[in-house]
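One structure is given here, and the rest of the page talks about it.
The values are calculated or read from the model by the stated rules, or taken from the named source; none is laboratory data. Values in this document were obtained by computation on a predicted structure and should not be read as measured data. When we count neighbours, we look across all protein chains shown, and the Cβ atoms used for this are built from the backbone with ideal geometry, even at glycine. Keep in mind that these areas ignore ligands, DNA and RNA; they rest on the heavy atoms of the full protein, side chains included. Shrake-Rupley method; radii C 1.70, N 1.55, O 1.52, S 1.80 Å.
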Amino acid sequence: LLGIVFTYRAVSREVEVTRLKSDFIAAVSHEFRSPLTSMSTLLERLDGGKVRDEEMLNKYHRVIRQELHRLSLLINGLLDFARLEDGKKEFSLEPSNLFELARESVNSFHNLGHADRVNLVEPQIPDHPVVAADRIAIAQCIQNLIDNALKYSPTGAPVLVQTGRENGEVFLEVS
């Protein structure tokens, strides 16, 4: 009887680990597919000669560069995840203007065609919060929050990004 219980627990754990790995692979695949699809679409338009306007050509090239950067961040994120699990991840903390980090992330979504939905709320305070942060890690977090808000909000719902201070603490909010 003890052997059956032990075997059941071992098999249940293996099934759960397999399910988690499958979910992780599906999520990562989806995250990689978005920038690849954007770049593929833009490159098809460029290769087909459908874009002749110099301003649009520049915009397409800018978006492709941003999507390549996004892919690079995703790959680095996967590597960071592995380092975190091994206890080897080091963060590079430096003084960072939280509002400027938010602005850069919002602008990257504007360049991807979401200018009508993603908006940065100008803070009510005169000086923008400066925090000790790993700029790359925080930017990736902000982009993930905005991306999730776009995916899981009702179609056409605005996504607002706001930074500020409240009760002596700094905050960043994506709603």
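Taken about its Cα centre, segment 72-137 carries a charge dipole of about 140 debye when Lys and Arg each add +1 at the Cβ and Asp and Glu each add -1 at the Cβ. Sort segment 30-112 into rounded, prolate or oblate with this rule: let a ≥ b ≥ c be the square roots of the eigenvalues of the Cα gyration tensor; rounded if a/c is under 1.5, and if a/c is not under 1.5, prolate when a/b is larger than b/c, oblate otherwise. Because a/c hits 1.5 or more and a/b fails to exceed b/c, segment 30-112 counts as oblate. Each listed q (0.08, 0.14, 0.16 Å⁻¹) maps to a log10 I(q)/I(0) for the chain from the Debye sum over equal C-alpha point scatterers, namely -0.37, -0.92, -1.10.
Restricting to bridges with both residues inside the chain, how much of the DSSP beta-bridge set is antiparallel, in percent to the nearest 5?
Details: 10 of 14 bridges.
In the chain, DSSP labels about 70 percent of beta bridges as antiparallel.
Normalised per residue, the accessible area of segment 62-158 is 60 Å², obtained with a 1.4 Å probe and no contribution from ligands, DNA or RNA.
With charges set only on the Cβ (+1 for Lys and Arg, -1 for Asp and Glu), what does the dipole of the chain come to about its Cα centre, in debye to the nearest 20?
Values: 20 positive and 25 negative charges, 124 e Å.
Roughly 600 debye, rounded to the nearest 20.
In this simple spin-label approximation, LEU57 and SER22 carry label points 7 Å from Cα along the Cα→Cβ vector, and these lie 4.9 nm apart. Per-atom-type breakdown for segment 1-133 gives carbon and sulfur 58% of the accessible area (1.4 Å probe, protein chains only).
Using the eigenvalues of the Cα gyration tensor, what equivalent ellipsoid semi-axes result for segment 56-156 when each is taken as the square root of five times the eigenvalue, whole Å, largest first?
Values: eigenvalues 114, 79, 39 Å².
The answer is 24, 20, 14 Å, longest axis first.
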